[in-house]
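Here the structure comes first, spelled out in structure tokens, and everything after it is commentary.
Rule-based calculations on the coordinates, nothing more; no lab input. In this text the structure is predicted, and so the values were computed from the model without any measurement. Don't worry about glycine lacking a Cβ; one is built from the backbone with ideal geometry, like all the others, and counts go over all protein chains shown.
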Amino acid sequence: MQDTPEVVVLRLGHRPGRDERMTTHVGLTARALGADRLLLSGTAADRRESVDAVTDRFGGPFEVETTDQPQRVLENWSGDVVHLTMYGLPVQEVMADIRRRFQGRAGDAAVLVVVGAEKVAFEVYEAADWNVAVTNQPHSEVASLAVFLDRLFEGGELDRDWEDADRVVVPEAEGKRVEDT
Ligand SMILES: C[S@@+](CC[C@H](N)C(=O)[O-])C[C@H]1O[C@@H](n2cnc3c(N)ncnc32)[C@H](O)[C@@H]1O
């Protein structure tokens, strides 16, 4: 994980009411599986507190930022842009190229991983360096983000250390043990 550039997840779109949990789960998945930052736009910005609350309790580093102009962020991004979409190229075919490009480039411009909610504008497909599919079947932004990050980090994110946590889960075969740090 340490020899890759920073990974930022951009959540595009958010339907108030319908997408509250989904947007929160995009953030929690990004955080848990090794991304460094989450960018929320429009009404999705309301979910910031829920994700920040988890980072406060269970540790970071993980930042949530908001933008009113996600399309501009995307078009002006100085690093690589990966858009997760069922219409893209299979992750198992492009991942080696993507990883090769990222490895050993820590400190370079951050990688932007884009996931949608409802229909994603065609400009997003054009702005992306890679349109990547986790199967060409419709499913969810949370699932595709999880698979993509795990493949990007080759499982290394599962062993990361968390900083400044108020509490930590102690793994147990049975039961639920949480300790204050
Ligand atoms: C519920 S889907 C909506 C997709 C929408 N029908 C469209 O045309 O873009 C929400 C998001 O999940 C992600 N997603 C869904 N299926 C995917 C797949 N097979 N591979 C990669 N990402 C996927 C995409 O980021 C998509 O924008």
Report task. Report the one residue of Thr55, Ala30, Phe102 whose Cα lies farthest in the direction of the positive end of the charge dipole of region 25-108 (charges on C-beta: Lys and Arg +1, Asp and Glu -1; origin at the Cα centre). Result -> Phe102
Report summary line: Put in order of increasing Cβ neighbours within 10 Å, starting from the fewest, Val64, Val9 give Val64, Val9
Query raised in the report: Using alpha carbons only, how many degrees (0 to 90, rounded to 10) separate the axis of helix 91-102 from the longest principal axis of the chain?
Result: 80
Query - C-alpha long axis of helix 20-32 to longest principal axis of the chain, angle in ° - result: 80
Query - Distance between modelled label sites at Tyr125 and Ala173, nm, 7 Å Cα→Cβ extension - result: 5.1
Query raised in the report: For region 139-179, which chymotrypsin sites (Phe, Trp or Tyr not before Pro) are in a loop by DSSP, counting at most 16 other Cβ atoms within 10 Å?
Result: Trp162
Query raised in the report: Taking R0 as 22 Å, what's the FRET efficiency between Glu163 and Arg99 from their Cβ-Cβ distance, rounded to 0.05?
Result: 0.30
Query raised in the report: So what is the diffusion coefficient of region 7-180 in µm² per second by Stokes-Einstein at 25 °C and 0.890 mPa s, using a Kirkwood Rh over Cα pairs?
Result: 147
Query raised in the report: By counting other Cβ atoms within 10 Å of each Cβ, how are Ser78, Ser50, Ser41 ranked from fewest to most?
Result: Ser78, Ser50, Ser41
Query raised in the report: Once both labels are modelled 7 Å past Cα along the beta-carbon direction, what's the Asp150-Met86 spacing in nm?
Result: 2.0
Report summary line: extent check for region 64-104: Cα max minus min per principal axis, descending, whole Å, gives 34, 29, 19
Query - Residue with peak Gaussian network fluctuation, the chain [Cα springs, cutoff 10 Å], from Val170, Val111, Val147 - result: Val170
Report summary line: With R₀ set to 25 angstrom, the calculated FRET efficiency between the beta-carbons of Glu118 and Glu49, to the nearest 0.05, is 0.60
